[in-house]
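To start, the structure under review is shown below, and the notes come after it.
Nothing in this text is a laboratory measurement; each read-out follows from the coordinates by a stated rule. Small disclaimer: the values here were computed from a predicted structure and weren't measured. With ideal geometry, Cβ positions are generated from the backbone for all residues, glycine too; neighbour counts draw on all protein chains shown.
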Amino acid sequence: MAILTEEQARALLTKALSYSKAEQCEVNLSGGDSSNIRYARNSVSTSGGISRNSLVVSSAFGKKLGTATINEFDDASLEKAVRRSEELAQLAPENPEFMPFLGPQNYGAPTPTFVQSTADITPKQRADMVQQSLQVAKDSKLTAAGFLESSAGFSAIMNSKGLFAYNTATDINFSVTMRTADGKGSGYATKAFNDVGKMDTLAFSKVAARKASGSVNTKALEPGKYTVILEPAAGIVLLEQLYGGLDARSADEGRSFLSKAGGKTRWGEKLVDERVNIYSDPANPELPTSRWNGDGRVQEKISWIEKGVVKNLFYSRYWAQKKGVKATPGPDGIIMEGGTQSLEDLVKGTEKGILVTRLWYIRPVDPQTLLYTGLTRDGTFYIENGQIKFPVKNFRFNESPVIMLNNLEALGKTERTVSGESGQNALIPPMKIRDFTFSSLSDAV
Amino acid sequence: MGFGGAMLSQIPVMGSPIAPEAVLDGGIDVAVKKQMADIVLNAARSRGATYADCRIGRYLNQYVITRENKVENLVNTESYGMGIRVIANGCWGFAATDKLDTDSIAKAAAQAVAIAKENSRLQSEPVKLLPQKGYGEVSWKTPIERNAFEVPIKEKVDLLLSVNDAAMKAGANYVNSLLFLVNEQKYFASTDGSYIDQDIHRIWPVFGATKIDPKTSKFETRQSLSSPRGMGYEYLMPRESDKIKGTPTVLYRDRYDMIEDARAAAIQADQKLKAKSVEPGKYDLILDPSHLWLTIHESVGHPTELDRVLGYEANFAGTSFLTLDKWESKKFQFGSKNVNILADKLQPGSLGAVGYDDEGVKTKQWDIIKDGVLVNYQSIRDQGHIIGLTESQGCCYADNWSSVQFQRMPNISLQAGNSPLKPMDMIKNVEKGIYIIGDSSFSIDQQRYNFQFSGQLYYEIKNGKIVGMLNDVAYQSNTQEFWNSCSAVCDQSDYRLGGSFFDGKGQPMQSSAVSHGSSTARFNGVNIINTARKI
């Protein structure tokens, strides 16, 4: 099934709802096509195309909820899915936290999440884009491993209370690691966009190649506290732990880094440096995201951290009702305000420090302090008197993004990046941080 | 990578929800699957494929998710479709579809061939497959005693609510619990002449009990000491003979007493709040199998994957320090003489046990580390020739019909010591040490040298005795140094399986389930750091 238009989706969902006998019924329809090329050792390895669609029916009687799905769309199949969800709802135990489905919402004008040229990519185009990357490796006598994936999809929601929402989205995602033949140097670059026109696999591969060639013959520095410049692809994997942790309920329950003694929280308090401003905005032209979230709530422009102060927390609908506050959904597409300096400017302004391309294998160590561990990877360089002096061996770090953002020295210019851990896109600046804690050395290249 | 119990609230829901009775449907008849497979294989061949395989998969999950006295969610998911893999012009191609009518699957076969042909210009050398005989029509089923999908939902809900009740009555402020069931019904066919029908079951009960100190606002959680298993609901039917007692907390072999463990967890979460913060330095570590499985997974399992060694995972999961020259030397001392590591796709009750892998190879077991020396890797049909194999080791797996199969880790386990030795006897000889039970934080570099691990429970050992509980503990080491510091392994009576339900690898990332067995083992002079911070 190709991507359904809004009218086709509306018609199919209306038909599905017409079979409902439940007190409330909600139907979600989503689907799409994705294709990818994976390569390694300067050669294509696996690649493929996947097409899948799914209809989920949720029926409720009182506070009893049941869900069922089907991936066939004839009348009999639609009715079967509705009946099954109703049967399950009757079997399910009552959930005191069940919330009635939302009524109609005003989502405003759609955001430009869908770009036709991305949806129209051919296998030849994908192969050409990868070929450009492989050519860089060949020209530089490096070994490339990378991944290019394009996708186009749609999602729609409708319920018996009159809610309807529809969205389409495209994505093109590229990452490449270049390694020297002797295995002593490695460089990395990654980007993701809605619009294939912005994806320059040649340029990004050259960045990775330059880092690979420049990272051979590393010197070992003693572990300890260093000033670091985190490129956006490195910074996002720690930042996302912070804004992903702004959940009101766990803070209220006393089991979050935002919790305080006596059942209080840090909401409204200054948590990090006052130059830190983090918000989300579905209409941002560089990072457009859906106007609605999975349960139909409106995604609005919202500030999460303003001048270092925790401005908003996100809520489940149940917890918001219990607390008598607005049910703000979690962020989708984070933007952190930056400055005007380029990455090169940040390096120039650094007396002694370490430039970090990528952070890897990020895992929580202590939820109380939001302490995380992980390692640098694929291009770590020592800076002295404003210049990159030499590559250094990789480090393991143990650091909290809260501490990190309190030790902020400078912010560069915001750019779009993608997390190598979660796959989420964000607009964030390169960050210069003092006293970043490296706890041991790694022999890995 | 792996996901531990700490990910309780972030369990990925693969597939889509379905009604409870639907999971008991037998699915389509094997004869029909064979007809569909033949259509696809013929379509691929007629378009120029020199090899083709297809997998018709029905992947069922069930989640029962609770907290305190509430059932948060009850989800049945099903994912059904077909994945087709071909070699054309010497290059792999893959296509997957959830439309299983004749036209759609033939079209998908054609798409797989077209992708292979288009991408063959990006290839430096053609794919070489190790030979594989066709098995004809065969089948395999996980040897379960009680199908967990057939256990009434009420029974499962009642169990989890009893678990939560036990933890709350023992002093927990919060408790989350989850029962996660998997049934993979998959049919594989290839142009080699195999038609393989398999029915695979897995189960993972897990909880976390949290205790908060309202005065200090500190909180601690103790996660369950269960492990995910390739078993039916019998895993949740406690048996005294499967309990190990005399240790600081009861430990479990092949049957798990979830209620008993929850009660202990609530008490221990409170003890963790009051425990002494560790003094950093060198300690001898006594690692329980409920903890050691994850260290084995990350520092032995991943670096011995041949695809990583060769560079196929360089862009994401990484490469490996166990390069081919180390294996070729036949004398690379990966660990001490006490370290014997077995790769195993047969072990009953394990997550990795199947009859055949996802490219039609009958499964087996083999040595990876023998008396501390690296002797072999884990590999599949298109890589085995590089290390001189004449038949595949059967490590190919795809996590869904829509995912392309590739090399995944078999069960990788530390073999028990030959001399009689129990954990508490092992502790008697330790002057300054820490006994670690349960898994927690884990991180390792992309070539698997430098790692850091934490646990659920830490007990300080002084002069052969446990003197109290510690907190804020993590150990850092280098893989080769660590395994060479292994000075003793307890005997077979202490052997237990741990494992990961969500080992992530590949792009797009796929999850795989794998077990790691061991007995309690001792490691001398390992570096301990203190993880306490203030924000």
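For B:Ser477, list long-range residues whose amide hydrogen, built 1.01 Å from N in the peptide plane, is under 5 Å from its own amide hydrogen.
Amide H neighbours of B:Ser477, under 5 Å, 5+ apart: B:Phe451.
At q = 0.12 Å⁻¹, what log₁₀ I(q)/I(0) does the stretch A:6-212 have when each alpha carbon counts as one equal point scatterer in the Debye sum?
Treating every Cα as an identical point scatterer, log10 I(q)/I(0) equals -0.73.
What's the exposure ranking of B:His302, B:His516, B:His385, going from fewest to most Cβ atoms within 10 Å? If you can, show how the numbers build up before the last one.
Details: B:His302 26, B:His516 30, B:His385 14.
Lowest count first: B:His385, B:His302, B:His516.
As a test of the formula, what do you get for chain B when each DSSP H run with n ≥ 4 contributes -39,500 (n - 2.57) and the sum is divided by the residue count, at 222 nm and rounded to the nearest 500 deg cm²/dmol? Let's see the in-between values first.
Values: 9 runs with 99 residues, N = 535.
The helix-only estimate for chain B comes to -5500 deg cm²/dmol at 222 nm.
Order these by the 10 Å Cβ neighbour count, fewest first: B:Leu292, A:Leu12. Don't skip to the answer; put the middle values down first.
Working: B:Leu292 28, A:Leu12 19.
Ascending number of Cβ neighbours within 10 Å: A:Leu12, B:Leu292.
Need one value for B:206-218: mean number of C-beta atoms belonging to other chains within 10 Å of its residues' C-beta atoms.
Numbers: counts 0, 0, 0, 0, 5, 1, 6, 2, 4, 2, 1, 11, 4.
Mean number of neighbouring Cβ atoms from other chains: 3.
Using +1 at the C-beta of Lys and Arg and -1 at the C-beta of Asp and Glu, which of B:Phe180, B:Ser217, B:Leu292 has the Cα lying farthest in the positive direction of the dipole of the stretch B:158-314?
Selected residue: B:Ser217.
Please give the net charge around B:Gly464, taking every other residue with its beta carbon less than 9 angstrom from that of B:Gly464, where Lys and Arg add +1 and Asp and Glu add -1. Can you show the working numbers first?
Values: positive: B:Lys428, B:Lys462, B:Lys465; negative: B:Glu431.
Neighbour charge sum, excluding B:Gly464 itself: +2.
In the neighborhood of A:Thr180, defined by Cβ-to-Cβ distances under 13 Å, what is the net charge if each Lys or Arg adds +1 and each Asp or Glu adds -1? Mind showing how you got there, number by number?
Working: positive: A:Lys141, A:Arg179, A:Lys184, A:Arg210, A:Lys211; negative: A:Asp182, A:Asp378.
Neighbourhood net charge equals +3.
Please compute P(r) over all alpha-carbon pairs of the protein assembly as shown, binned at 20 Å starting from zero, and give each bin as a whole-number percent.
Bin by bin from 0 Å, the calculated values are 13, 47, 37, 3.
Is there a simple number for the mean count of other chain Cβ atoms within 10 Å of the Cβ of residues in A:161-168, and what is it? If you can, show how the numbers build up before the last one.
Working: counts 0, 0, 0, 0, 0, 0, 0, 0.
Counting Cβ atoms of other protein chains within 10 Å of each residue's Cβ and averaging gives 0.
How big is the antiparallel share of DSSP beta bridges in chain B, given as a percent to the nearest 5?
Numbers: 120 of 133 bridges.
Restricted to chain B, the bridges split so that about 90 percent are antiparallel.
Which longest run of chain B has no exposed loop site in it, a site being GluC sites (Glu not before Pro) in a DSSP loop with at most 16 other beta carbons within 10 Å, and the site itself not part of the run? Let's see the in-between values first.
Values: sites that count: B:Glu68, B:Glu145, B:Glu391, B:Glu431.
Looking at chain B, B:146-390 is the longest stretch - no exposed GluC sites (Glu not before Pro) with at most 16 other Cβ atoms within 10 Å.
Counting partner chain Cβ atoms within 10 Å of every residue's Cβ in A:63-72, what's the average?
Numbers: counts 0, 0, 2, 5, 9, 9, 10, 5, 8, 5.
Neighbouring Cβ atoms belonging to other protein chains average 5 per residue here.
Using only Cα atoms, locate the centre of the stretch B:116-143 and the centre of the stretch A:322-351, then give the distance between them in Å, rounded to an integer.
46
By the gyration tensor of its Cα atoms, with a ≥ b ≥ c the square roots of the eigenvalues, what is the shape of chain A: rounded for a/c under 1.5, prolate for a/b over b/c, or oblate?
Details: a/c = 2.37, a/b = 1.42, b/c = 1.67.
Cα axes put chain A in the oblate bin.
As a test, work out the antiparallel percent of DSSP beta bridges whose residues both lie in the protein assembly as shown, rounded to the nearest 5.
Working: 228 of 252 bridges.
Bridges in the protein assembly as shown that DSSP calls antiparallel: roughly 90 percent.
Fewest to most neighbouring Cβ within 10 Å: what's the order for A:Thr437, A:Thr369?
With the fewest neighbours first, A:Thr437, A:Thr369 line up as A:Thr369, A:Thr437.
Quote the FRET efficiency, to the nearest 0.05, computed for A:Phe390 versus B:Asn73 with a Förster distance R0 of 60 Å and r equal to the Cβ-Cβ distance.
Details: r = 53 Å, r/R0 = 0.88.
FRET efficiency, A:Phe390 to B:Asn73: 0.70.
P(r) for the stretch B:5-274, please, calculated from all Cα pair distances in 5 Å bins and given in %.
1, 6, 11, 13, 13, 11, 10, 9, 8, 7, 6, 4, 2, 0, 0
As a test of the definition: which semi-axes, in Å, follow for chain B when you take the square root of five times each eigenvalue of its alpha carbon gyration tensor? Largest first, please.
On the way: eigenvalues 328, 163, 71 Å².
Output for chain B: semi-axes of 41, 29, 19 Å.
For chain A, what does -39500 (n - 2.57) per DSSP helix run (n ≥ 4), summed and divided by total residues, give at 222 nm, in deg cm²/dmol to the nearest 500? Don't skip to the answer; put the middle values down first.
Details: 10 runs with 101 residues, N = 445.
Helix contribution divided over all residues of chain A: -6500 deg cm²/dmol.
Exceeding 26 Å between C-alpha atoms, which entries from my cross-link table qualify? They are A:Lys161/A:Lys323; B:Lys99/B:Lys133; B:Lys243/B:Lys362; B:Lys154/B:Lys186; A:Lys141/B:Lys330. Intermediate results must be reported in sequence, preceding the final value.
Values: A:Lys161/A:Lys323 24 Å; B:Lys99/B:Lys133 30 Å; B:Lys243/B:Lys362 34 Å; B:Lys154/B:Lys186 28 Å; A:Lys141/B:Lys330 31 Å.
Going by Cα-Cα distance, B:Lys99/B:Lys133; B:Lys243/B:Lys362; B:Lys154/B:Lys186; A:Lys141/B:Lys330 fall outside the 26 Å limit.
Can I get the semi-axes of the stretch B:277-530's equivalent ellipsoid? Compute them from the C-alpha gyration tensor as square roots of 5 times the eigenvalues, in angstrom, largest first. Show your work: numbers first, answer last.
On the way: eigenvalues 197, 65, 59 Å².
Value: 31, 18, 17 Å, ordered largest first.
What is the local net charge at A:Ala81, summed over the other residues whose Cβ is closer than 12 Å to its Cβ (Lys, Arg +1; Asp, Glu -1)?
Computed value for this residue: -3.
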